[in-house]
1. Would you be so kind as to identify which of Val107, Tyr42, Ala123 lies farthest towards the positive end of the dipole of the range 1-137, taking Lys and Arg as +1 and Asp and Glu as -1 on Cβ and the Cα centre as origin?
2. Let me know the charge dipole size of the chain about its Cα centre in debye, to the nearest 20, where only the beta-carbon of Lys, Arg (+1) and Asp, Glu (-1) is charged.
3. How large is ³J(HN,Hα), in whole Hz, for each residue of the range 39-50 in order, when computed from phi with the Karplus curve 6.51 cos²θ - 1.76 cosθ + 1.60 and θ = phi - 60°, using x for Gly and Pro?
4. Read phi for every residue in the range 23-38 and hand back ³J(HN,Hα) as whole Hz from Karplus 6.51 cos²θ - 1.76 cosθ + 1.60, θ = phi - 60°, with x for Gly and Pro.
5. Eigenvalues of the Cα gyration tensor times 5, then square-rooted: what semi-axes does that give for the chain, in whole angstrom, largest first?
6. Could you go through the range 111-121 in sequence order and give the Karplus-derived ³J(HN,Hα) for each residue, using 6.51 cos²θ - 1.76 cosθ + 1.60 with θ = phi - 60°, rounded to whole Hz, and x for Gly and Pro?
7. Sequence gap of 8 or more, or different chains, plus Cα separation below 24 Å: how many lysine pairs satisfy both in the chain?
Amino acid sequence: MRGTEMLKLDDKSRLTLPARFREELTNEVTVVCEQERCLSIYPRTVLNTMMEPINEAPSTLLRVREYQRWAQHRAEDATPDKQGRITVTALQRLWAGLDKDVVVIGVGNRLEIWNPDKWIAYAETLDEKFTDFDGEIVPGA
């Protein structure tokens, strides 16, 4: 999934997934709150695979319990309706600072939903970091 779309939440806080992404997101998805105060929409199988090591880690470790709580307490499973809509919950909208207008970006294995002003400011910092970047992105890869 790649690209950027300017969209709106409807009066029931539903987001209509862009047509070009629907094929990958037609079945069950999970909406999660991410770092940088955006939301992500993952195919549920992708997110489950990513979370497997965390969910299988020993709950006797405080850091594990805290991350499990942080990463999952606002997460919501959803199945897009026939029009390709999913609901963004009040907790998720609050976390990401979303109102009516949103920016949806494709980021490989997920979509991200951003407050437009936050996205513009953040995208500028990305441009500064990567326009002339010539280093290693993933250490050791």
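1. Of the listed residues, the answer is Tyr42.
2. Numbers: 19 positive and 24 negative charges, 126 e Å.
I would put it at about 600 debye.
3. 10, 10, 10, 10, x, 4, 5, 5, 5, 4, 5, 5
4. With the stated coefficients, the range 23-38 comes to 4, 7, 10, 6, 8, 6, 10, 10, 9, 10, 7, 10, 4, 6, 6, 10 Hz.
5. Details: eigenvalues 112, 97, 49 Å².
In descending order the semi-axes read 24, 22, 16 Å.
6. For the range 111-121, the Karplus-derived couplings read 9, 10, 10, 10, 5, x, 5, 5, 5, 4, 5 Hz, x marking Gly and Pro.
7. Qualifying lysine pairs in the chain: 9.
A short reminder: the numbers here are calculations on the coordinates, not readings from a lab. The model shown is predicted, which means the values in this text are computed figures rather than measured ones. Glycine also receives a Cβ, built like all others from the backbone with ideal geometry; neighbour counts cover every protein chain displayed.
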